Amino acid sequence: MMEFCGINPAVLVASLMVASVPILLAAIGELVVEKSGVLNLGVEGMMIMGAICGFITAVSTGSPLLGFLGGAAGGAVLSLMFAFLTQVLLANQVATGLALTLFGLGLSSLMGQGYNGIKPPLTEALNFGPLSDIPVLGRILFSHDWVVYASVAIIAAVWAVLKYTRTGLILRAVGENHDAAHALGYKVGLVRLLAILFGGALAGMGGAYLSLVRVPQWTDGITAGAGWIALAIVVFASWKPWRVLIGGYLFGGISVLQLNLQACGSRIPVEYLSMSPYLITILVLVIMSSGRGRAALNAPASLGQSFHASR
Amino acid sequence: MVTLEKRPSPSRFWSAATPVVAVALTMLAGGVMFALLGKNPAEAIRTIFWDPLFGEFAWYLRGQLLVKAGPLILIAIGLSLGFRAGIWNIGAEGQYIMGAIFGASVGLAVFPTDNRLIFPAMIIAGAFGGWLWGMIPAILKTRFNTNEILVSLMLVYVAEKILSKAALGFLRNPEGAGFPGSRNFNSYPAAANPELIAGTGMHWGVVMAFIAVIFAYILLQRHILGFQIKLAGQAPRAARFHGVNPQRMVVLCLGISGACAGLAGVFEVTGPAGQISIDFNVGYGFTAIIVAFLGRLNPVGILLAGLLMALTYIGGEMASTNLGLPAAAIQAFQGMLLFFLLAVDVMTNYRIRLFTKGAA
């Protein structure tokens, strides 16, 4: 196969699959939250809390698996605060989401004191035996750690649940019209609380993947906007699970490619390369939001509105 | 059981009391946090909120209060107009950086000069830079229906990359022996933004912040535009019948908030910061979001909230040097404040009822 500036396409694809795991997990979690009619803009905050909680758990227990659970717990606890404010106290969701991010950034940096420069325990690649020796495909499909496969499996599961199960139907009903769902006897608040917790746990797990595998160490502000990109991917995906996968791999691909170009001394200045993921996010938002394929048409109808059962 | 009952109209009492209660609750929760960090909570709270105003070094720190509050107030005033209209510009940090870069570029382009007119020109360039950066989400929203929250936030990261390019590349001090950062404006009198009255911390940016407060007050209380902004936020449908053009609202609000943030940026870089450096921005654009909410999106409230938030910055630095409190603790503290504010705000719009059986 053609090699461009020392970049092997198979390695590139394999590494973009790794690079996109954090945003994939966060985005599919947020998709479920938004499907229930809640706009949680605190993804960045939940991710970074997951990153530090996961890191601390993994370092202190020596187990990366417990680290991911710790990360998920960290994200979920923060999302519980969001749920309390927006579902019980009916606070504005946009403002609360921002508060979650600002608070999460501060608290994570506080918790991370003394954890800089430490290496977390290694998350090993699964052993597929001879399968991973297949040329090209082996590198792309059978060389990863379990989280890479889990992220795809979770997307498949979310898709199946939303499309084929009663749970999915209730979730969508609550998101499309909370008054009607309430009138039918569904517990709008409870459904949304569970969705928010699910989103928080996945965002936290995505954050933990950053600090445990992707980077892998703890630095302040480690997420660097990944949570916001995850939010953009939900819009890109027009709230459809499989499109989250496409969006995630697209962005993973761009960030890996720009890192590779930086490393091989491209003539484009480093600053311009490193701003490309953000610029492309904007570009994609523009394309998806305008014209006939308007993503907004697919948005859950009750998205971002508080629900107060007056009767 | 406890239930919420919607008030027919927001409570004026709770609207005013919310920030006070929220600050008190934050102090309590913050005290717990400081205790968990192994610090004496009472001492930490006193160091943050009392010592900068009345302590041993108050003569110096009081001046710092205006230095920190100026940009916060200026940015928050701009943001508050958009927030009132339901237009969420959360990229003020990026607009602040771009304002600083534009303003500094104009000043550095004509270096050296004694012509004092260069300073107003830089200010205008700074406002323009911020406005321009705010116009990107505005145009994309009006033209392509793109979400302004995500675009304005993405542009913060882009602005940070441009800033590092500026500090290391096109604005780097040619006589700086290769160190990153631009020429220092404190040794470039015509372009500097000095302290106007020694010891007060008053500089042109603070003056501008006060002017912005007055303008915003008049705009919201006396001008049709202010009425339209409020209407667009509270009743979008009614606003359309009134003839408010939502597109125009977006361009206007993002433009004003961008220009305000840009102004804050250029005043900061020519004054307290002194030069364009990789990290001259310290997150005022994000903290200003808290200031705007804490001030209840009201100009006078924002003035007070900006001073309070400036106090936490200064007190936080004090607590960091004197008590060894991590700087991040203050950031968490400020985030907590916004949480409590939003939580207590439920009282403004709802009444808490003890649900009794048999009541209709």
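The values are calculated or read from the model by the stated rules, or taken from the named source; none is laboratory data. Small disclaimer: the values here were computed from a predicted structure and weren't measured. Don't worry about glycine lacking a Cβ; one is built from the backbone with ideal geometry, like all the others, and counts go over all protein chains shown. Areas reflect the complete protein model, heavy atoms only, side chains present, ligands, DNA and RNA absent. Shrake-Rupley method; radii C 1.70, N 1.55, O 1.52, S 1.80 Å.
Which ranges mark the helices (runs of 4 or more DSSP H) fully within the range B:234-308 that have 3 or more residues being at pLDDT 90 or above and within 27 Å of B:Phe339 (Cα to Cα)?
It comes to B:246-270, B:284-294.
In the list B:Pro174, B:Pro180, B:Pro194, which residue meets the criterion of being within 14 Å of another protein chain (Cβ to nearest Cβ) and not in a helix (DSSP H, G or I)?
The unique qualifying residue is B:Pro180.
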**Asked** Can you find even one residue in the range B:212-223 that is open to solvent by 90 Å² or more (accessible area, probe 1.4 Å) and within 30 Å of B:Ser164 (Cα to Cα)?
**Response** no
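Quick check on this structure: which one of B:Phe111, B:Phe102, B:Phe34 is over 30 Å from B:Leu225 (Cα atoms), open to solvent by 30 Å² or more (accessible area, probe 1.4 Å), touching a residue at least 12 places away in the same chain (Cβ under 8 Å) and not charged (D, E, K, R)?
After ruling out the rest, the residue left standing is B:Phe111.
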**Request:** Mind listing just one residue for me: the one in the range B:224-234 that is touching a residue at least 40 places away in the same chain (Cβ under 8 Å) and of a type in the set (A, V, I, L, M, F, W, C) and, of those, most open to solvent (accessible area, probe 1.4 Å)?
**Result:** B:Ala232
**Request:** Considering every residue within the range B:111-121, establish whether at least one is under 13 Å from the mean Cα position of the chain (by Cα), of a type in the set (Asp, Glu) and at negative phi.
**Result:** no
**Item:** Hits in the range B:309-335 (condition: touching a residue at least 12 places away in the same chain (Cβ under 8 Å), open to solvent by less than 20 Å² (accessible area, probe 1.4 Å), within 14 Å of chain A (Cβ to nearest Cβ) and assigned to a helix (DSSP H, G or I))
**Value:** B:Met309, B:Thr312, B:Gly316, B:Ala319, B:Ala329, B:Ile330, B:Ala332, B:Phe333, B:Gln334, B:Gly335
**Prompt:** Does B:Ile97 satisfy the condition of being over 21 Å from the mean Cα position of the chain (by Cα) and closer than 30 Å to B:Tyr217 by Cα?
**Reply:** no
**Prompt:** Hey, A:Ala156 hits all of (1) within 14 Å of chain B (Cβ to nearest Cβ); (2) of a type in the set (Gly, Ala, Ser); (3) surrounded by fewer than 17 Cβ atoms within 10 Å (Cβ to Cβ) but one; which does it fall short on?
**Reply:** (1)
**Item:** Selection within the range A:105-116 - closer than 13 Å to A:Ser211 by Cβ and either away from chain B (no Cβ under 14 Å) or not in a strand (DSSP E or B) (or both)
**Value:** A:Ser108, A:Ser109, A:Met111, A:Gly112, A:Tyr115
**Item:** Test: A:Gly67 is in contact (Cβ under 8 Å) with a residue 24 or more places away in the chain, within 30 Å of B:Phe293 (Cα to Cα), open to solvent by less than 40 Å² (accessible area, probe 1.4 Å) and more than 14 Å from chain B (Cβ to nearest Cβ)
**Value:** no
**Request:** May I ask you to verify whether B:Ala92 is more than 10 Å from chain A (Cβ to nearest Cβ), of a type in the set (A, V, I, L, M) and open to solvent by less than 20 Å² (accessible area, probe 1.4 Å)?
**Result:** yes
**Asked** Going by the structure shown, is A:Ala180 open to solvent by less than 20 Å² (accessible area, probe 1.4 Å) and over 27 Å from A:Tyr249 (Cβ atoms)?
**Response** no
**Complete:** Flagged pairs (Cβ under 6 angstrom, 6 or more apart or on separate chains; first in the range A:146-169, within 18 Å of A:Ile233 (Cα to Cα) and free of Cβ contacts under 8 Å to residues at least 12 places away in the same chain; second open to solvent by less than 50 Å² (accessible area, probe 1.4 Å) and not in a helix (DSSP H, G or I)) are none
